[in-house]
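Take a look at the structure below.
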Amino acid sequence: MTDLPLPDSLALWMQASIGLAALLLLAFAAQAVTRYVLRHAMPRLRNRVDSRLTRVLWHDEVLRRAAQVVPPLIVHTSIHAVPHLHPTAATVIDNVAVALTVLQVVRTLIALLDAAQQEHGKSPGDSHTATRSIKSYVQLGKLVLTLVGAVIIVATLIDRSPLILLSGLGAMSAVLMLVFKDTILSFTAGLQLSSNDMLRVGDWIEMPQVGADGDVVDIALHTVKVQNWDKTITTIPTWRLMSESYRNWRGMSEAGGRRIKRTVRLDAASVRFLSDDDIDRLSRIALLAPYLEEKRQAVHAANAALGERACAPANLRRLTNIGTFRAYVQAYLRANPCLRQDMTLMVRTLEPTAEGVPLELYCFTATTAWVQYEAIQGDIFDHLLAVLPEFDLRLYQSPTGYDIRAGLRQGVQ
């Protein structure tokens, strides 16, 4: 018999056990020392340097997870130095240590990605980097690290080359493409959205087909979250933002002016020529005085050139109340400090319809804030509606019960 006597076998087993215990004690002692150094020395150095790179690389969570790499790494490098340890046991422990090392390295890299995303979110509000989300890239990086780490860990535990597992995954490429179809589409769409600067966090977008109308609050790998104006959240698959159309109001915000495009519908029966008394009365309006003086001279010159044909009223050039009102509105908008005078500012008469003669205002406010925009727009139209009687114009509206009762009372009288 070649077997050792029981006392000798027990002694060898005790030596191997003591060696393993000493190795584990050394590994965790090294982890404690490394953690102490990283958590006390690195933050001081980070505060002295104070750059974005150091804040990411020496983030507290990154340092904490980096310290956890030390124990399995020490076990991996020193396991074969344990005396009298069976080769099979040493190989198994070594493979487990390598797998744990890979796991801790992956967790450290994931913490590094989280720190980069967190630091990116702290960028100044006026910087483009603050609005360009990198969350989709961070999530993709985590997915790749997890898959690569899983392949290496499984290959290490079964003591096979990772290439063998990768070759098996190659044969399953069709299945993998089906499983990760949405991920691939979303990543491609996110890459195009970011590279073409089509979407940022904070943009106001409208996508009626999915019920989205509000600010973008989050751009992830698979989804984009939009907080609507009623404070509900609409989640949109990222790939739909490339395959379907949506409206982005960022250009309006960056331009600093929000458009007003609204019509006042005038009763066509109230449109008429102005008499000399009307012109004299309206000339007392400060905004209209320069316009009427210029038009009075132009009309007088044109009519004087007619000669004998001036006897026919149809040949005479005369001012109308609607044209004068249009000039007044134009002057009123030009004098309004709440409107952008360097952008398009226009008042025009549209084609008459069964609902009257539309007078359209086209201008831009000097603010893009919703509340102030509505207040400015309301003040403008409140004034225009109230000043209509000065020009002997009436606002068109469908007959109401009050109008019908008033007409009946007049008929009875």
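Read-outs: derived from the displayed coordinates by stated rules, not from any lab. Small disclaimer: the values here were computed from a predicted structure and weren't measured. All Cβ positions, glycine included, derive from the backbone under ideal geometry; neighbour counts span all protein chains shown.
Which entries in the list Lys122/Lys181; Lys181/Lys231; Lys135/Lys225 go over 21 Å, if you measure between the two C-alpha atoms of each? As for pairs spanning more than 21 Å Cα to Cα, those are Lys122/Lys181; Lys181/Lys231. Among Trp249, Trp58, the ranking by other beta carbons within 10 Å of each residue's beta carbon, starting with the fewest, stands as Trp249, Trp58. At full extension, Leu408 and Asn196 could sit 69.8 nm farther apart than now, given 0.36 nm per residue minus the alpha carbon distance.
Its relative contact order, with pairs defined as Cα atoms under 8 Å and 6+ residues apart, puts segment 196-253 at 31 percent.
Once the chain from Glu206 to Arg48 is taken as fully extended at 0.36 nm per residue, the excess over their C-alpha distance is 52.3 nm. For Leu287 and Ala369, a Förster radius of 35 Å and the Cβ-Cβ distance give a FRET efficiency of 0.80, rounded to the nearest 0.05. Annotation: extensible slack from Arg39 through Ala335 equals 100.2 nm (criterion: 0.36 nm per residue apart, minus Cα-Cα distance). Here the dipole of segment 196-253 is about 60 debye; that uses its Cα centre as origin and unit charges on the Cβ of Lys and Arg (positive) and Asp and Glu (negative).
In summary, segment 314-391 shows an alpha-carbon radius of gyration equal to 1.24 times the 2.2 N^0.38 Å reference for compact globular proteins. The three principal axes of the C-alpha atoms in segment 273-319 carry coordinate ranges of 35, 16, 11 Å, sorted with the longest axis first. A convex hull fitted to the Cα coordinates of segment 41-81 yields 70 cubic angstrom per residue. For segment 264-337, relative contact order (Cα pairs under 8 Å, six or more residues apart, normalised by length) works out to 41 percent. Roughly speaking, what is the centre-to-centre gap between segment 68-102 and segment 270-329 when only Cα atoms are used, to the nearest Å? Distance between centres, Cα-based: 101 Å.
Each residue of segment 220-230 is assigned a 3J(HN,Hα), and the resulting list reads 10, 5, 9, 9, 10, 9, 10, 8, 6, 5, 8 Hz, derived from the Karplus form 6.51 cos²θ - 1.76 cosθ + 1.60 (θ = phi - 60°), x at Gly and Pro. Helix 87-121 axis versus longest C-alpha principal axis of the chain: approximately 20°, rounded to the nearest ten. Placing +1 on the Cβ of each Lys and Arg and -1 on the Cβ of each Asp and Glu in the chain, which of Val92, His40, Gly211 has its Cα farthest towards the positive end of the resulting dipole? Ranked along the dipole, the leading option is His40. Eigen-decomposition of the gyration tensor built on the alpha-carbon atoms of the chain gives equivalent ellipsoid semi-axes of 84, 23, 17 angstrom, largest listed first. Panel order for Cys363, Cys311, Cys338, by other beta carbons found within 10 Å of each beta carbon, from fewest to most: Cys311, Cys338, Cys363.
With each label modelled as a point 7 angstrom along the Cα→C-beta vector, the Asp342-Ser245 pair spans 3.1 nm.
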